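Participant: Below: one structure in structure tokens.
Values quoted throughout were computed directly from the atomic coordinates according to the rules given, and no laboratory measurement underlies them. What you see is a predicted model, and the numbers here were worked out from it, not measured in a lab. Every residue, glycine among them, receives a Cβ derived from its backbone with ideal geometry; neighbour counts consider all protein chains shown.
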Amino acid sequence: MAEHDDVDKATADAVGKVTEAFETIERARGHLYAFHQMTGTGDLLFEDAAKMLREAGHPEWADRIDEELIGLNVLPDRWTFQVVEDYDDGYYRTTREFTREVREGLTGGRRHVQEQQFKDARRTRGRAGHEAGPPSTPPIRSCRTPGLESETSEQVFDRGTEER
């Protein structure tokens with residue numbers, strides 16, 4: 001009996017859909033970080049452009065960049081880092097924790113049970129390259145800090161650099 005057989009297909013499919021939704025949120029978060037970094041790069045490029053305009057004899061345009069664009073909020077009262085922090089601390093954290101709770105409650109914390117069932121149904125037993133491989137597993141908990149139920153590798157890294 002495979003380790004995921006105790007989870008019925010309907011439950012595995014439903015938890016799989018929750019996981020798929022969160023994976024989409026992860027992708028959105030990546031795009032948000034790209035937006036953050038690209039906006040910052042654009043701001044620095046405007047600064048370079050202002051310097052070049054000034055050197056080319058167009059101080060009025062350089063002054064406008066300095067006054068109107070450099071340091072401009074992307075949203076009312078917000079730079080991109082504040083948007084990212086609000087997203088991470090609110091929506092992202094809430095969806096991440098909910099996904100973890102669903103997994104713990106319905107699959108014993110095991111990840112990708114639906115995909116494991118799908119793999120088992122599609123592979124050719126006894127054929128090279130179609131081995132079952134390791135079962136789906138719960139996430140490694142060694143990176144967790146007391147008081148933080150689910151800490152990302154970025155948070156572990158950030159915490160480590162802050163302590164130096």
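Participant: At 7 Å along Cα-to-Cβ for each site, give me the label-to-label distance between Gln82 and Ala28 in nm.
Facilitator: Result: 2.2 nm between the two label points.
Participant: Relative contact order (percent) for segment 9-137, with alpha-carbon contacts under 8 angstrom and 6 or more residues of separation?
Facilitator: 31
Participant: Let me ask something else. Could you tell me the calculated FRET efficiency between Lys51 and Ala21, based on Cβ-Cβ distance and R0 = 45 angstrom, to the nearest 0.05?
Facilitator: The value I calculate is 0.45.
Participant: Straight-line reach from Lys119: which lysines have Cα under 26 Å away, leaving out those fewer than 8 places along the same chain?
Facilitator: Result set, ordered by chain and number: Lys9, Lys17.
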